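Student: After the structure tokens below, expect a handful of questions from me.
The values are calculated or read from the model by the stated rules, or taken from the named source; none is laboratory data. The structure presented is a predicted model; accordingly, all values stated were derived computationally and were not measured. Cβ placement follows ideal geometry from the backbone for every residue including glycine, while neighbour counts extend to all protein chains displayed. Side chains included, ligands, DNA and RNA excluded: accessible areas come from the protein's heavy atoms. Shrake-Rupley method; radii C 1.70, N 1.55, O 1.52, S 1.80 Å.
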Amino acid sequence: MAQKIRMNDGWRFAPASPDDASKQAVFVTLPHTAVELPLNYFDETAYQQAFIYQRHIDWTDQMHDHEVWLQFDGAMADAHVSINGTQVAHHSDGYTPFRARLTPHLTRGENLVTVTISGVENPDIPPFGGRIDYLTYAGIYRDVWLVTAPKTYIEHVKIETPDAMEACKTVLARVSLGGAQGAAGGTLHAVIRDGAGTTIAAQSVDVAGDAPEIRFTGLSGMALWDLDDPVLYTLDLELVTSAGADRDVTSFGIRHAEFTAQGFVLNGRVLKLRGLNRHQSFPYWGYAQGRRSQERDAEILKHDLGCNIVRTAHYPQSPWFLDHCDRIGLLVFEEIPGWQHIGDETWKARAVANVEAMIRRDWNHPSIILWGVRINESQDDHAFYTHTNKAARALDPTRQTGGVRFLTDSELLEDVYTMNDFILGDFEKPDTNRPRTPLRPVAETTGRKDPVPYLVTEYNGHMYPTKAGDPEQRHAEHTLRHLEVLNAAYGDPQISGAIGWCMADYNTHKDFGSGDRICHHGVTDMFRNLKPAGYAYASQQSPDQRLVFEPVTVWARGERNIGGVLPLIILTNCDRVDLEYGGVTTRVTPDHDRFPHLPHPPVIIEARHLSKDALGRWGMAWRDGLLTGYLNGTPVATRRFVADPVPTQLQLCADADHLDAAAQDEMRVIVRGLDQAGNLLRFLNDTVQIAIDGPARLIGPDCVTLSGGAAGFWLRATGQTGQAHITVQSPRFGTARLTLPVR
């Protein structure tokens with residue numbers, strides 16, 4: 001039976017320069033970043049060089065008469081792999097997996113694997129050749145696996161469910177076999193199981209070639225995969241041939257997803273898509289965060305931000321992230337690497353290969369509903385994009401294709417017209433007479449008389465970058481801009497939905513961002529702390545899913561221009577808000593007039609809502625305020641603001657109650673400075689000192705500065721078990737402590 005072992009430990013790492021290698025070699029654990037960067041103001045060329053990873057692999061008896069290879073889930077960017085001095089693999093893409101076959105080169109005893117990777121932005125490799133607004137951190141930044149398989153083995157399986165909406169369903173498994181020997185005389189056993197492990201159906205087929213198919217028909221009682229109930233099944237395959245036995249277990253879901261000219265349809269109902277773009281980068285370690293960090297990002301998007309879709313901008317992302325999107329019910333638009341630039345014919349051929357590699361890796365994810373086969377924001381290229389679409393449709397005719405552009409009247413070769421619409425910022429330009437407009441009319445963008453499937457894939461972002469610690473007035477405007485686009489998308493049935501730019505702030509090249517090597521485009525900061533605009537998305541959830549009640553204010557008389565806190569925006573899914581100020585209560589309902597199409601418009605308290613008596617109390621002496629949210633006449637949320645906020649509590653919040661020692665994975669810890677009412681002190685910029693004692697290590701520096709009143713850090717388990725003791729010290733707050741089991 002095949003064996004797959006994680007090979008993340010025991011790698012010797014050094015710069016590729018012979019002079020430096022002997023001096024700087026260290027032992028590292030994967031995933032790994034070649035250069036640990038500061039949070040900001042760094043030189044991004046620091047990782048744009050070559051690096052070497054080496055590891056010994058011991059011979060085992062199981063390797064005899066078997067196929068053996070190393071599977072790399074991702075390495076940035078140009079990777080060469082050798083075994084005992086012989087090169088066995090070369091992969092020129094930083095985002096798709098690749099395999100290094102070791103079989104003919106293994107010897108009994110120790111075998112030395114050497115991986116040379118280059119962080120140089122090679123213009124022959126997508127996305128390079130122009131300038132890109134994100135960083136491509138060098139390193140073996142995803143998992144590596146040692147696979148030992150019989151001479152004939154299961155290469156991959158593609159699962160299709162062609163009649164998802166029928167009462168009795170069909171599951172078709174297209175199996176590809178690999179290896180040096182034929183499979184004549186073999187048998188393929190297949191079992192479908194539900195989440196509890198109960199057998200749904202089973203059958204066996206004789207294998208006469210290298211591409212057998214298994215078709216299950218008439219399957220009753222199988223549930224659909226959906227956002228609120230993401231039901232998953234497994235297909236368990238066992239191949240038995242004269243070469244031995246091999247096994248593959250693949251997760252899948254049954255669902256029907258289609259973009260139409262009348263909107264997006266999931267399982268027979270029209271669903272408005274509401275989402276954000278995601279970069280896979282993190283502070284300090286760049287791409288090299290492991291499984292738990294990837295899964296947590298999916299949870300933040302789905303639960304904290306209330307999204308139902310994410311776009312993997314601008315490249316295929318971690319399998320751990322996509323697996324979790326399957327489990328929690330988060331839709332995905334996945335695209336190939338690239339940013340505006342199209343290279344020569346060799347470059348284009350590699351981009352087509354990226355399409356094929358992306359689809360082969362991810363075609364069984366029910367969460368993925370659209371393949372992105374165009375270079376983000378590139379010019380039209382008829383021959384090139386005819387080729388990418390053809391490749392996608394040949395491999396996976398069950399999903400539609402999209403191609404993200406920012407040009408109007410662009411040629412549509414894909415199934416869905418996907419558009420980055422930044423028109424909302426154009427009203428500020430002196431050379432345009434267009435008034436404030438959230439989104440272009442669809443016909444204006446496409447230039448077509450006939451309606452086509454249409455999805456907005458970016459908006460806001462660089463048009464109104466907003467830092468976590470920016471003034472309240474800027475956060476209020478930032479929030480309104482996101483709300484206006486969402487409202488416009490909900491109000492046009494032809495628009496399938498809108499995916500905002502972007503989830504989190506991210507590091508970038510010197511050519512972009514705020515000069516600090518950060519694009520502050522996110523609705524969260526780099527540590528995934530929500531900015532007020534993040535609650536614009538979160539508040540669109542049903543209160544049954546999550547109650548949201550977030551005023552956009554620091555409650556200070558002199559923070560805004562002219563003074564006061566009006567208009568006071570409360571992002572909420574409550575149906576009424578009461579403001580108590582100076583002994584007078586003002587009752588306000590959601591602003592359906594300004595945002596008629598949103599599921600949950602914000603409550604906006606303006607001077608017109610206040611009585612003369614209430615207005616008369618808004619004098620020079622500033623007072624406490626109390627906001628109360630109601631649902632169906634019942635108070636369900638309160639928020640008290642004090643007139644004299646002072647630093648009172650240093651809050652530590654971990655994402656989970658323990659660390660996994662075996663996985664050596666990470667966990668995020670958020671640090672917040674709070675006032676006496678428990679509100680975030682958004683203008684507090686104190687430094688805090690972090691100390692870790694026990695079987696965990698700190699990612700990044702041990703002294704960090706609060707930004708927007710908050711900071712964060714990640715811990716990585718070292719592989720040992722015990723208790724990880726976290727101590728955070730501040731001259732103003734004193735000491736806060738947190739203990740996490742590592743098991």
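Student: Across the stretch 296-403, what fraction of all alpha-carbon pairs, as a whole percent, falls in each successive 5 Å bin from zero upward?
Tutor: Percent of pairs per bin, in order: 2, 13, 25, 22, 17, 11, 7, 3, 0.
Student: Could you tell me how many cubic angstrom of Cα convex hull volume the stretch 163-264 has per residue? Provide the component values of the computation, followed by the final result.
Tutor: On the way: hull volume 12.4 nm³, N = 102.
For the stretch 163-264, the hull spanned by Cα atoms encloses 121 Å³ per residue.
Student: Determine which lysines satisfy two conditions relative to LYS302: a Cα distance under 24 Å, and not lying fewer than 8 residues away in the same chain.
Tutor: LYS272, LYS467, LYS531
Student: Which value, in Å³ per residue, describes the convex hull spanned by the Cα atoms of the stretch 261-324? If you can, show how the numbers build up before the last one.
Tutor: Values: hull volume 6.8 nm³, N = 64.
Cα convex hull per residue, to the nearest whole number: 106 Å³.
Student: Give me the distance between the Cα centres of the stretch 463-531 and the stretch 334-386, rounded to whole Å.
Tutor: So the separation of the two Cα centres works out to 25 Å.
Student: In addition: Using only the alpha carbons of the stretch 351-408, what is the convex hull's orientation-averaged projected area in square nanometres?
Tutor: Working: hull surface 15.9 nm².
Result: 4.0 nm².
Student: Find which of VAL416, VAL175, LEU70 sits farthest along the positive direction of the dipole of the chain, computed with +1 on the beta-carbon of Lys and Arg, -1 on that of Asp and Glu, about the Cα centre.
Tutor: It is VAL416, whose Cα lies furthest towards the positive end.
Student: Separate question: When the accessible area of the stretch 464-587 is split by element with a 1.4 Å probe, what percent falls to carbon and sulfur? Provide the component values of the computation, followed by the final result.
Tutor: On the way: 1610 of 3480 Å².
Ligands and nucleic acids excluded, carbon and sulfur reach 46 percent.
Student: Next question, about the same structure. Remind me, relative contact order of the stretch 347-403 in percent, using alpha carbon pairs under 8 angstrom and six or more residues apart? Kindly include the intermediate steps, with their values, before the conclusion.
Tutor: Numbers: 51 pairs, mean separation 26.5, N = 57.
RCO, the stretch 347-403: 46 percent.
Student: Oh, and also: If I take every Cα pair under 8 Å that is 6 or more residues apart in the stretch 174-239, average their sequence separation and divide by the length, what percent do I get for the relative contact order? Intermediate values should be presented prior to the final figure.
Tutor: Working: 97 pairs, mean separation 27.5, N = 66.
Taking the mean separation of contacting Cα pairs over the length of the stretch 174-239, I get 42 percent.
Student: Right, next: Helix 382-395 sits at what angle to the longest principal axis of the chain, using alpha carbons and giving 0 to 90 degrees rounded to 10?
Tutor: Between the helix axis and the principal axis of the chain, the angle is about 70 degrees.
Student: A further question follows. Using only Cα atoms, tell me the angle between helix 345-362 and the longest principal axis of the chain; keep it within 0 to 90° and round to the nearest 10.
Tutor: 90 degrees
Student: If one takes the longest principal axis of the Cα atoms in the chain, at what angle in degrees, from 0 to 90 and to the nearest 10, does the Cα axis of helix 472-491 lie?
Tutor: Approximately 60 degrees, to the nearest ten.
Student: Same structure, new question: Would you tally the net charge around GLN723, using a Cβ to Cβ cut-off of less than 13 Å, leaving GLN723 out, and scoring K and R as +1, D and E as -1? Walk me through the intermediate numbers first.
Tutor: Numbers: positive: ARG737, ARG743; negative: ASP657, ASP693.
Every neighbour counted, the sum reads 0.
Student: Binned at 10 Å from 0, what are the whole-percent values of the Cα-Cα distance distribution for the stretch 99-243, short to long?
Tutor: Pairs per bin, as whole percents: 9, 26, 22, 24, 17, 2.
Student: Related question: Please report the carbon-and-sulfur percent of the accessible area for the stretch 138-278; probe 1.4 Å, protein heavy atoms only, DNA, RNA and ligands left out. Numbers along the way, then the final one.
Tutor: On the way: 2520 of 5440 Å².
On the stretch 138-278, the fraction of accessible area on carbon and sulfur atoms equals 46 percent.
Student: Still on this structure, please answer the following. In debye, nearest 20: dipole of the stretch 573-660 around its Cα centre with unit charges on the Cβ of K, R (+) and D, E (-)?
Tutor: 540 debye
Student: Continuing with the same structure: Show me the three semi-axes of the equivalent ellipsoid for the stretch 433-553, from the C-alpha gyration tensor (sqrt of 5 times each eigenvalue), largest first, rounded to whole Å.
Tutor: Numbers: eigenvalues 134, 79, 35 Å².
Calculated on Cα positions only, the semi-axes equal 26, 20, 13 Å.
Student: Still on this model: Projecting each Cα onto the charge dipole of the stretch 229-313 (Lys/Arg +1, Asp/Glu -1 at the beta carbon, about the Cα centre), which of VAL249, ALA261, GLN289 comes out farthest on the positive side?
Tutor: ALA261
Student: Calculate, axis by axis, the spread of Cα positions in the stretch 416-471 along the three principal axes, and write the results as whole Å, longest axis first.
Tutor: Here the Cα extents, ordered largest to smallest, are 45, 26, 12 Å.
Student: Follow-up. Sequence gap at least 6, Cα distance under 8 Å: using those rules, report the relative contact order of the chain to the nearest whole percent.
Tutor: Numbers: 1878 pairs, mean separation 66.7, N = 743.
Computed value for the chain: 9 percent relative contact order.
Student: Which whole number in µm²/s is D for the stretch 493-568 by Stokes-Einstein, with the Kirkwood Rh taken over Cα pairs at 25 °C and 0.890 mPa s?
Tutor: Values: Rh = 15.0 Å.
Roughly 163 µm²/s, to the nearest whole number.
Student: Over the stretch 578-645, with a single point scatterer placed on each C-alpha, what log10 of the ratio I(q)/I(0) does the Debye formula yield at q = 0.14, 0.16, 0.21, 0.23 1/Å?
Tutor: Debye intensities relative to I(0), on a log10 scale: -0.49, -0.63, -0.99, -1.10.
Student: Give, as a single signed number, the net charge of other residues whose beta carbon lies under 14 Å from the beta carbon of PRO695, with Lys and Arg counted +1 and Asp and Glu -1.
Tutor: On the way: positive: ARG697, ARG716, ARG743; negative: ASP660, ASP665, GLU666, ASP693.
Cβ neighbours under 14 Å give a net charge of -1.
Student: While we're looking at this one, here's another question. Using only helices, what value at 222 nm comes out for the chain when you add -39,500 (n - 2.57) per DSSP H run of length 4 or more and divide by the total residues, to the nearest 500 deg cm²/dmol?
Tutor: Working: 9 runs with 95 residues, N = 743.
Mean residue ellipticity, 222 nm, calculated: -4000 deg cm²/dmol.
Student: Further, regarding this structure: Over 20 Å intervals from 0, what percent of Cα-Cα pairs in the chain sits in each interval?
Tutor: Per 20 Å bin, starting at 0, the Cα pair percentages come out as 16, 48, 31, 5, 0.
Student: Heavy atoms only, probe 1.4 Å: what % of the accessible area of the stretch 355-458 goes to carbon and sulfur, would you let me know?
Tutor: Details: 2030 of 3930 Å².
Here it works out to 52 percent.
Student: Related question: Enter the Cα centre distance for the pair the stretch 712-743 and the stretch 92-148, rounded to the nearest angstrom.
Tutor: 33 Å
Student: Mind putting a number on the dipole of the stretch 605-743 about its Cα centre? Charges go on the C-beta only, +1 for Lys and Arg and -1 for Asp and Glu, and I need it in Debye to the nearest 20. Numbers along the way, then the final one.
Tutor: Working: 14 positive and 13 negative charges, 85 e Å.
That gives the stretch 605-743 a dipole magnitude of about 420 debye.
Student: Let me ask another. Using the alpha carbons of the stretch 22-134, what is the convex hull volume per residue in cubic angstrom, as a whole number? Intermediate results must be reported in sequence, preceding the final value.
Tutor: Working: hull volume 14.6 nm³, N = 113.
Here the figure is 129 Å³ per residue.
Student: Give me the net charge for the shell around GLY221: Cβ to Cβ below 11 angstrom, other residues only, Lys and Arg +1, Asp and Glu -1.
Tutor: On the way: positive: LYS169; negative: ASP194.
Neighbourhood net charge equals 0.
Student: If Rh is defined by the Kirkwood formula over all Cα pairs and Rg also comes from Cα, what ratio Rg/Rh do you get for the stretch 60-106? Can you show the working numbers first?
Tutor: Details: Rg = 11.6 Å, Rh = 11.3 Å.
Value, to two decimals: 1.03.
Student: Which value, in Å², gives the accessible area per residue of the chain when a 1.4 Å probe is used on the protein heavy atoms? Display every interim value, and only then the final one.
Tutor: On the way: 27910 Å² over 743 residues.
Using a 1.4 Å probe on heavy atoms only, each residue of the chain averages 38 Å².
Student: Please state the charge dipole magnitude for the chain, taken about the Cα centre, from unit charges on C-beta atoms (+1 on K and R, -1 on D and E), reported in debye and rounded to the nearest 20. Walk me through the intermediate numbers first.
Tutor: Values: 70 positive and 91 negative charges, 267 e Å.
With Lys and Arg at +1 and Asp and Glu at -1, about 1280 debye.
Student: To continue, here is another question. Taking the square root of 5 times each eigenvalue of the Cα gyration tensor, what semi-axes in Å does the equivalent ellipsoid of the stretch 538-633 have, largest first? Please list the in-between numbers first.
Tutor: Numbers: eigenvalues 119, 36, 31 Å².
Value: 24, 13, 12 Å, ordered largest first.
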